[in-house]
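Undergrad: Structure incoming, see below.
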Amino acid sequence: MSKTFFEAVKGRRSIYAISKESPISDEQIQKIVEEAVLHSPTSFNSQSSRAVVLLGEQHDKLWDITAETLRKIVPTEQFEGTAQKLSSFKAGYGTVLFYEDQAVVKHLQENFALYAENFPIWSNQSSGILQYVVWTAFAEEGLGASLQHYNPLIDDEVKETFGISADWKLIAQMPFGNILTPPGEKEFQPIEERVKVKK
């Protein structure tokens with residue numbers, strides 16, 4: 001890689017203006033997600049993280065499901081803004097669905113009872129790491145992405161539509177595509193207020 005690690009970290013931003021094109025092939029997209037799932041750390045090496053990559057019509061179907069679900073609960077006068085946001089996600093090339101396998105979490109809780117209440121927390125942390133790895137890898141390849149959370153509202157219909165295991169818990173959705181508009185400058189709080197070093 002030509003970039004340093006922290007250049008890649010800095011390059012990962014939330015990109016909302018995306019298109020139905022991709023600078024890399026479907027096979028490369030799949031490879032990125034597979035490598036991220038294989039090599040992102042999990043507590044107790046549980047390997048509880050799961051991912052589903054939706055492309056083409058399957059990607060469109062996800063955001064149609066989301067729109068119809070929200071139409072039923074968002075007041076009519078407020079739905080236009082919601083619809084525009086969802087359309088911007090559907091305008092992308094694909095979506096990665098991030099899941100955590102609750103059968104794995106439950107197994108750990110049963111076998112390591114002392115830490116039982118922590119395993120759901122650690123599972124979510126594992127998913128966060130995976131999301132970050134995929135997001136940063138996408139950015140390195142020129143794919144824009146953002147992270148969305150329409151779960152648990154859409155969970156049941158998404159499971160039924162795409163044949164997802166009942167044990168998998170939806171954590172986040174990542175729409176991605178070719179970047180139409182780069183992000184603006186990011187403002188930072190003073191670092192000395194956020195990092196303390198004690199010697």
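The values are calculated or read from the model by the stated rules, or taken from the named source; none is laboratory data. Quantities reported herein were computed from a predicted structural model and do not represent experimental measurements. Counting neighbours? That spans all protein chains shown, and the Cβs are built from the backbone with ideal geometry, glycine included. The accessibility values were calculated without ligands, DNA or RNA, using every heavy atom of the protein model including side chains. Shrake-Rupley method; radii C 1.70, N 1.55, O 1.52, S 1.80 Å.
Undergrad: Do the conditions hold for residue 100, that is, is it of a type outside the set (Phe, Trp, Tyr), within 19 Å of residue 177 (Cα to Cα) and out of contact with any Asp or Glu (no Cβ under 9 Å at 6 or more places or on another chain)?
TA: no
Undergrad: Run down 35, 77 and say which single residue is over 22 Å from residue 152 (Cβ atoms), in a helix (DSSP H, G or I) and either open to solvent by 100 Å² or more (accessible area, probe 1.4 Å) or among the basic types (Lys, Arg) (or both).
TA: Of 35, 77, the one residue that is over 22 Å from residue 152 (Cβ atoms), in a helix (DSSP H, G or I) and either open to solvent by 100 Å² or more (accessible area, probe 1.4 Å) or among the basic types (Lys, Arg) (or both) is 77.
Undergrad: Any chance region 148-157 includes a residue that's farther than 18 Å from residue 12 by Cβ, among the polar types (S, T, N, Q), open to solvent by 70 Å² or more (accessible area, probe 1.4 Å) and free of Cβ contacts under 8 Å to residues at least 24 places away in the same chain?
TA: no
Undergrad: Moving to a separate point now. Could you say whether any residue in region 57-78 is touching a strand residue (DSSP E or B) at 6+ places or on another chain (Cβ under 6 Å) and modelled with pLDDT of 95 or more?
TA: yes
Undergrad: Turning to a different aspect of this structure: Exactly one condition in (1) in contact with a helix residue (DSSP H, G or I) (Cβ under 7 Å, 6 or more places away or on another chain); (2) open to solvent by 90 Å² or more (accessible area, probe 1.4 Å); (3) of a type outside the set (D, E, K, R) is not met by residue 182; state its number.
TA: Evaluating residue 182 over (1) in contact with a helix residue (DSSP H, G or I) (Cβ under 7 Å, 6 or more places away or on another chain); (2) open to solvent by 90 Å² or more (accessible area, probe 1.4 Å); (3) of a type outside the set (D, E, K, R) leaves (1) as the failure.
Undergrad: Mind counting the residues in region 101-113 that are in contact with a Ser or Thr (Cβ under 9 Å, 6 or more places away or on another chain) and surrounded by fewer than 16 Cβ atoms within 10 Å (Cβ to Cβ)?
TA: Matching residues across region 101-113 total 2.
Undergrad: Considering each residue of region 159-176, count those that are assigned to a strand (DSSP E or B) and either open to solvent by 10 Å² or more (accessible area, probe 1.4 Å) or within 15 Å of residue 48 (Cα to Cα) (or both), and give that number.
TA: 5
Undergrad: I would also like to ask the following. Pull out all pairs, ordered by first then second residue, where Cβ-Cβ is under 8 Å, the residues are six or more apart or on different chains, the first lies in region 172-188 and is touching a residue at least 40 places away in the same chain (Cβ under 8 Å) and under 14 Å from residue 10 (Cβ atoms), and the second is assigned to a loop (DSSP other than H, G, I, E, B) and among the aliphatic types (A, V, I, L, M).
TA: Pairs that qualify, where the first residue is touching a residue at least 40 places away in the same chain (Cβ under 8 Å) and under 14 Å from residue 10 (Cβ atoms) and the partner is assigned to a loop (DSSP other than H, G, I, E, B) and among the aliphatic types (A, V, I, L, M), are 182/15; 183/15.
Undergrad: Go over the candidates 108, 114, 130, 97 one by one and state the one that is at pLDDT 95 or above and within 12 Å of residue 175 (Cβ to Cβ).
TA: 97
Undergrad: Output the number of the condition that residue 25 fails; it satisfies all remaining conditions of (1) open to solvent by 80 Å² or more (accessible area, probe 1.4 Å); (2) over 22 Å from residue 164 (Cβ atoms); (3) without any contact (Cβ under 8 Å) to a residue 60 or more places away in the chain.
TA: Looking at each condition in turn, residue 25 falls short on (1).
Undergrad: In addition: Answer yes if at least one residue in region 50-57 is surrounded by 14 or more Cβ atoms within 10 Å (Cβ to Cβ) and in a helix (DSSP H, G or I), and no otherwise.
TA: No, every residue in region 50-57 fails to be surrounded by 14 or more Cβ atoms within 10 Å (Cβ to Cβ) and in a helix (DSSP H, G or I).
Undergrad: Any idea which of 116, 145, 139 is open to solvent by less than 60 Å² (accessible area, probe 1.4 Å) and within 13 Å of residue 96 (Cβ to Cβ)?
TA: None of the other options fit; the residue is 145.
Undergrad: So which residues in region 127-158 are of a type outside the set (Val, Ile, Thr) and assigned to a loop (DSSP other than H, G, I, E, B)?
TA: Selection gives 141, 142, 146, 147, 149, 150, 151, 152, 153.
Undergrad: Do we find a residue being closer than 22 Å to residue 56 by Cα and within 15 Å of the chain's Cα centre (by Cα) anywhere in region 116-132?
TA: Within region 116-132, one or more residues are closer than 22 Å to residue 56 by Cα and within 15 Å of the chain's Cα centre (by Cα).
Undergrad: Now for a different question. Those residues that are assigned to a helix (DSSP H, G or I) and under 30 Å from residue 25 (Cβ atoms), I need them from region 85-112; list them, please.
TA: Residues satisfying the conditions are 85, 86, 87, 88, 89, 90.
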